[in-house]
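Coordinate-derived values only; no laboratory data. Values in this document were obtained by computation on a predicted structure and should not be read as measured data. Every residue, glycine among them, receives a Cβ derived from its backbone with ideal geometry; neighbour counts consider all protein chains shown.
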Amino acid sequence: MPIICASYGGIDYGDDGIAMKASGLLSVTTSTTNVLMGRGMWFLKVLVHETEADTGDELYNIDVMANTKASATSFAILGPGVVLGASAVTGRDFSNSATLPSAVTGAFYNPYNNQCHLRLSVAGTVASGINYEAKAYQMNVHP
């Protein structure tokens, strides 16, 4: 049975992984700064500090995007995104700090040896938005 563990391959990412997004409030659809990430399996950890869900129609979708070419002109979504927002939209209650998950984690495969970034898509009636931070860690599978 394979064991999955954090690894940093040939690039030194440090013990804290790659910072994909620093903590901060966002209320519009936006992308983070591109970071160089190698080909392979990655573990993403998203720390959610707060989400606005006042009107009941807010939706926040966080996708990992990879550059598919040597120049930063074409990006593709890598795997399923992180979906947060009002219970009427998501089916789960993320309206306050008591019901908000403190961390959302998942793995994705990057088939490209180029830059990646996070894209936040925002929908609904949003004033203050979502406050989150994210880090990525490269993984290796050992037999």
Provide the gained length on full extension for the span ILE77 to VAL35, in nm with one decimal, where the gain is 0.36 nm per separating residue minus the Cα-Cα distance.
13.6 nm
Using only the Cα atoms, what convex hull volume per residue in Å³ does the range 21-67 have?
106
Nearest-0.05 FRET efficiency for THR68 and SER27, computed from C-beta distance (R0 30 Å)
0.55
